[in-house]
Amino acid sequence: MRSVKGVLPVALRARADGKVGVLVPAENAREAAVVEGLQVIPVQNLREAASFLEGELKLAPVKVDVTKMFEQSGDDDLDFAEVKGQESVKRALEVAAAGGHNVLLLGTAGTGKSMLAKRLPTILPPLTLAESLETTKIHSIVGLLQPGQALVTRRPFRAPHHTASDAGLLGGNINPTPGEISLAHHGVLFLDELPEFKRSVLETLRQPLEDGHVTISRAAGTMTFPSQFMLVAAMNPTPDGKMPGESRCSPREIQSYLGRISGPLLDRVDLHVEVPPVKFREISAEQTGESSAQIRARVVAARQRQQARFRDRPRVTCNACMGTRELKQFCALDEAAKGLLQFAMTDLNLSARAYDRVLKVARTIADLAGVERIAPDHVSEAIQYRSLDRQIWG
């Protein structure tokens, strides 16, 4: 009996159908055993399976300790304490993690955009069991689970190359299978060198970012896969990686480079963050910044406030998922904050979707501050994360 893909979804369906147990290849037993209320019998070969079913052989069901799996997932190898300087960018990533917001990091080559993005999962809240099961199902049917691995206990971090095709990102092939955006479910999808991706590939992200799932239609059938992920994109301001004033590229080349990213896609990114070069005194300093554990504690506290707020709305899992109704109910502004936002809308020429994004980010900043009412300074910080709309694309 050789190991197979997709044992966890089979086991979950068996329990839903009222089955008592399942016989699985021994290598897949731990994966199936995470499903409570189901006996998982490991078998080495068909003769062993037949003998068990005829009552001639007794095989003990496999049991696993799910709690211990999460405890043994270990500390992350990466930590924000390793990043020198970039305090403003760290703050932006903390806001993004607290509210589940999408982020665009824009800076010259060598400023640490990839280094910062790779550490974002270390400050996200730990996976719940339900999230872990959903994520594991997707990784299982693609065959990404390691031998003997029962659960995905850490939030995924997927970083496809910019040569990835539509099918590689969304999923596809003859038989519909999940792509990178589904493999990043409940985790982070990192797109480095964003303008280098084909425009058609980037445009396919718009619907999954809005709906949280992707539907793939092929001759073999139609499948819908979940795709609730945080998008983190990084890019240079010019094709040669320098600031516009220092670049040897012509204005037309720079505009063509930036034009590869459409306005509707940018509107779906809540925070546009400039990553400046790190100063020598920051690099050479011996002291380190806050650790990921310290930042994560604040992020978890903010998420707990959101869970309490949205307890009657299971569809809304974080501030980034709020709809029009939630924005109206939970993002009320006083006159001072309204005036500030009105000025920003006119000055930055923001779209209606960008207006909603500012409100969501302001709500998250207030949650990090531990207050219920959104104040003008929360709105002001949220507006700062849209200022690149005018500076770069305006």
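The values are calculated or read from the model by the stated rules, or taken from the named source; none is laboratory data. All values derive from a computational prediction rather than experimental measurement. Cβ placement follows ideal geometry from the backbone for every residue including glycine, while neighbour counts extend to all protein chains displayed. For accessibility, only protein heavy atoms count, side chains too; no ligands or nucleic acids. Shrake-Rupley method; radii C 1.70, N 1.55, O 1.52, S 1.80 Å.
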Item checked: Among Val103, Val64, Val95: highest mean-square fluctuation, GNM of the chain, C-alpha pairs under 10 Å -> Val64
Notebook entry, point to check: Taking 0.36 nm per residue of separation and subtracting the Cα-Cα distance, what length does fully extending Ala130 through Val300 add?
Noted result: 59.5 nm
Notebook entry, point to check: With no solvent and one point on each alpha carbon, what is the Debye value of log10 I(q)/I(0) for the range 261-394 at q = 0.13, 0.14, 0.18 Å⁻¹?
Noted result: -0.65, -0.74, -1.08
Next item on the list: Would you list, by chain and number, the aspartates and glutamates whose Cα falls below 18 Å from the Cα of Lys68, excluding same-chain residues fewer than 8 positions away?
Entry: Glu31, Glu36, Asp76, Glu131
Note to self: I'd like the Karplus ³J(HN,Hα) series for the range 318-323: coefficients 6.51, -1.76, 1.60, θ = phi - 60°, whole numbers in Hz, and an x wherever there's a Gly or Pro.
What the structure shows: 7, 4, 5, 8, 4, x
Next item on the list: Quick one: accessible surface of Thr346, probe radius 1.4 Å, all protein chains present, in square angstrom to the nearest 10.
Entry: 110 Å²
Notebook entry, point to check: For Cα extents along the principal axes in Å, the listed values are (i) 79, 49, 46; (ii) 67, 44, 42; (iii) 85, 48, 40; which was obtained by calculation from the structure presented?
Noted result: (i)
Item checked: Percent accessible area from carbon and sulfur atoms, the range 1-146, protein chains only, probe 1.4 Å -> 50 percent
Item checked: Among Ser256, Ala344, Val361 - extreme Cα towards positive end, dipole of the range 252-361, charges at beta-carbon -> Val361
Notebook entry, point to check: At Ile174 and Gln329, where each label point lies 7 Å from the Cα along Cα→Cβ, what is the point-to-point distance in nanometres?
Noted result: 4.9 nm
Margin query: I need the Debye-formula profile for the range 103-159: one equal scatterer per C-alpha, no solvent, reported as log10 I(q)/I(0) at q = 0.26 1/Å, two decimals.
Written below: -1.05
Next item on the list: Give the distance, in whole Å, between the Cα centre of the range 22-73 and the Cα centre of the range 229-253.
Entry: 53 Å
Next item on the list: With a 1.4 Å probe and every protein chain kept in, tell me what percent of the accessible surface of the range 238-289 is carbon plus sulfur.
Entry: 52 percent
Notebook entry, point to check: Can you pull the Kirkwood radius for the range 131-278, inverse mean 1/r over Cα pairs, to one decimal in Å?
Noted result: 16.7 Å
Notebook entry, point to check: Of Asn349, Asn102, Asn45, which is the most mobile in a GNM of the chain whose springs link Cα atoms less than 10 angstrom apart?
Noted result: Asn45
Check: Local charge sum around Ala32 (other residues, Cβ-Cβ under 12 Å, Lys/Arg +1, Asp/Glu -1)?
Finding: +3
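Kindly rank 163-173, 49-59 from highest to lowest mean number of other beta carbons found within 10 Å of each residue.
Numbers: 163-173: 17.1, 49-59: 12.0.
By packing density, highest mean first, the sequence is 163-173, 49-59.
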Note to self: Please compute the per residue accessible area over the range 1-107 with all protein chains in place, 1.4 Å probe, rounded to a whole number of Å².
What the structure shows: 54 Å²
Next item on the list: Given the options Leu151, Leu333, Leu120, state which has the largest fluctuation in a GNM of the chain using a 10 Å cut-off (strictly under) for Cα springs.
Entry: Leu333
Notebook entry, point to check: Which cross-chain or sequence-distant (5 or more) residues have an amide H under 5 Å from the amide H of Arg155, H modelled 1.01 Å from N in plane?
Noted result: Leu127
Check: Contour minus end-to-end for Leu12 and Leu144, with contour as 0.36 nm per residue of separation and end-to-end as the Cα-Cα distance?
Finding: 45.7 nm
Next item on the list: Round to the nearest 10 and give me the degree value, 0 to 90, for the angle of helix 292-309's Cα axis relative to the longest principal axis of the chain.
Entry: 80 degrees
Item checked: Å² of accessible area per residue within the range 155-207, as computed with a 1.4 Å probe and no ligands counted -> 38 Å²
Notebook entry, point to check: Ordered by residue, what ³J(HN,Hα) values in Hz, to whole numbers, does the range 92-109 give under the Karplus form 6.51 cos²θ - 1.76 cosθ + 1.60, where θ = phi - 60° and Gly and Pro are x?
Noted result: 4, 5, 5, 4, 4, 5, 5, x, x, 8, 7, 9, 10, 9, 10, x, 5, 4
Note to self: Quick check on my link table: of Lys90/Lys360; Lys242/Lys360; Lys137/Lys328, which ones sit more than 26 Å apart, alpha carbon to alpha carbon?
What the structure shows: Lys242/Lys360; Lys137/Lys328
Next item on the list: Run through all the Cα pairs of the range 77-186 and give the fraction in each 5 Å bin from 0, expressed as whole percent.
Entry: 2, 10, 18, 19, 19, 16, 10, 5, 1, 0
Next item on the list: Can you pull a Stokes-Einstein diffusion coefficient for the range 1-53 at 4 °C (1.567 mPa s), Rh from Kirkwood over Cα pairs, as a whole number of µm²/s?
Entry: 118 µm²/s
Check: Based on the Cβ-Cβ distance from Gln342 to Arg199, what FRET efficiency comes out when R0 is 41 Å, to the nearest 0.05?
Finding: 0.75
Notebook entry, point to check: Which lysines, on any chain, are close to Lys63 with Cα under 18 Å apart, when same-chain ones fewer than 8 places away are left out?
Noted result: Lys19
